[in-house]
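Every number in this text was worked out from the coordinates using simple rules, so none of it is lab data. Just so it is clear, the model here is predicted, and its values are computed rather than measured. Note: ideal-geometry Cβ built from the backbone for every residue, glycine included; neighbour counts use all protein chains shown.
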Amino acid sequence: MGKTHYYLGLDVGGTAMKAGIISADGSLVHCLSEPTNKNAGPAAGLALMEQVINLCIKKSGIDPDSIKAFGTGVPGIIDLKNGIILDAVNLTDWKNVPVRSHLQKIFNKPVVFLNDANAAAMGEAWLGAGKGAESMAFITLGTGIGGGLVHQGKIIEGRHGLAGEIGHTRIEMSRPRPCSCGQFGCLEAYAGATSVLKRTYEALAEDFNKISDLHEPAEKKTLSCKDVFDAARNGDPIADRLVEETSSALAIGITNILHFFDPEKVVLGGGMIAAGDDFLKRIRWFVKDQSFKECAQGEDICFATLGNDAGILGAAIAARQMFISTN
Ligand SMILES: [Zn+2]
C-alpha cells in the first residue's frame, strides 16, 4: 500500500495568516492561524508564512515528506504566472513580493498560487456549499467584493487570473459612484461593506429628521454593516431602504453572472453573509424578478458554509489538483 499523501493550504490575509493540511480525500487534518501585522512589511510577512507552515506541520504530527504540494491564496493584485504579489493593497509596502519562489526554495515543494477569492471559491466548490455542482460562481462580500468561477472542479482563471471579478463589473451608468479600483459604477461601489456604510452615512445626513435607530449610535461610535442589517430587521426605515438597495445591486451582479456563465450554483461568502436569511431572501427575490427562469434560482443561490476555512481548504485542494495532474 502506498503512503498517504497530504497537501498544505496557506491563506495570506490582512488580519491573519492561516495554514491547514488536508489528506488526499480532502478532509482537514490540522489548521492554525496567527495574526498578521499588516504594517510589518513583506520580509516579516514571509517569515510569518514560514513560521505558520512549520508550526502547522509540526503540530499535525504528519511526516513533512508526505506533504506533496502547497497551495497559497493571496490578496491584492498578483502576477499569477510568476507567483508574485504585485500590490497587496491592505498590507503596507507589499509590492513585488515573490511568495511562490520563496516558499518553493524554503520548503522544496511545488507551490500553486491563486488569488484569495479563487482559493475560497475552490474550497466551497469542493467541500462547501457548491459541493456536487458542475459549475459554481462564488462571490465574497467583504470590505470589497471578490469572486471566482469554478467549472468541473477547476478555477476559470482567465488570462491574468481576473475572470470572475464580479465586484468590478458595472451596474450603474447614470451618475455612477466611484469605486476603489478607480472606475465608476462598479458593483463594489454599491454593495461592498465599505460602500454600504458610506451610503448609510449619506442617507442619515440627507434624512436627518427621519426617525432612525442609526442616528444615535452614529454620534457615539462608528457604525458597522451589522448595525445597518440589524436596524433593517427591526423595521428601521432608512436601514431597510439601504438593505433593499444593497440586495438589489447584488441581484444585478448575480443576474449578470447567471446570463453570462449560467452556473448551477451561486455561493455568497464573506463577512456580510452574517446579515442572515432576510438578506438572502431579498437577493433571491430580485434575482428571480429579473433573470431567465432557466437560470439558477431560489436555493441555488445560497450562503457559503466553510466560513474562514474556505481559503486554506481551497488552496490545499488546488495543490492536490496540481500534484495529481503532474504526477
Ligand atoms: Zn471597481
Reach of residue 265 by Cα under 23 Å, taken over lysines that are not fewer than 8 positions away in the same chain
131, 154, 281, 288, 293
Any idea how far apart residue 278 and residue 24 come out in nm if each label point goes 7 Å out from Cα toward Cβ?
5.0 nm
Expressed as cubic angstrom per residue, what is the convex hull volume of the alpha carbon set of segment 147-274?
128 Å³
Expressed in nm to one decimal, what extension gain is obtained for the pair residue 234 and residue 43 from 0.36 nm per residue of sequence separation less their Cα-Cα distance?
64.0 nm
Using the Cα centre as the reference, give the magnitude of the dipole from point charges on the C-beta atoms of the chain (Lys, Arg: +1; Asp, Glu: -1; all else neutral), rounded to the nearest 20 debye.
880 debye
Convex hull (Cα only) mean projected area of segment 1-118, reported in nm² to one decimal
7.0 nm²
So the label point goes 7 Å from the Cα of residue 294 along Cα→C-beta, right? Which residues of segment 240-270 then have their backbone N under 15 Å from it?
258-264
For the chain, projected area of the alpha-carbon convex hull averaged over all directions, nm²:
17.8 nm²
Residue-averaged [θ]222 nm for the chain, counting only DSSP H segments that reach four residues, each worth -39500 (n - 2.57)
-12500 deg cm²/dmol
What is the distance, in nm, between label points placed 7 Å from the Cα along the Cα-to-Cβ direction at residue 264 and at residue 326?
2.9 nm
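Would you mind calculating the gained length between residue 205 and residue 224 on full extension (0.36 nm times residue separation, minus the Cα-Cα distance), in nm to one decimal?
Value of the extension gain: 5.2 nm.
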Starting from the 7 Å offset along Cα-to-Cβ, what nm value, one decimal, do you get for the label separation of residue 174 and residue 157?
4.3 nm
Acute angle (nearest 10 degrees) that the helix 116-127 long axis makes with the longest principal axis of the chain, alpha-carbon atoms
80 degrees
Of all DSSP beta bridges in the chain, what percent run antiparallel (nearest 5)?
60 percent
Straight-line reach only, C-alpha to C-alpha below 21 angstrom: list the lysines that residue 59 could link to, leaving out same-chain residues fewer than 8 apart.
3, 18, 68, 109
Sorted on mean Cβ neighbours within 10 Å (highest first), peptides 274-284, 82-92 come out as 82-92, 274-284
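Rounded to the nearest 5, what % of the DSSP beta bridges within segment 37-113 are antiparallel ones?
Of the beta bridges lying entirely in segment 37-113, close to 60 percent run antiparallel.
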Going Cα to Cα from residue 198, which lysines come in below 20 Å? Please leave out same-chain ones fewer than 8 positions away.
210, 220, 221, 226
Expressed as a percent, the portion of alpha-carbon pairs in segment 285-327 spaced more than 11 Å apart is 74 percent
Checking segment 250-306 for GluC sites (Glu not before Pro) in a loop per DSSP with at most 14 other beta-carbon atoms within 10 Å yields 294
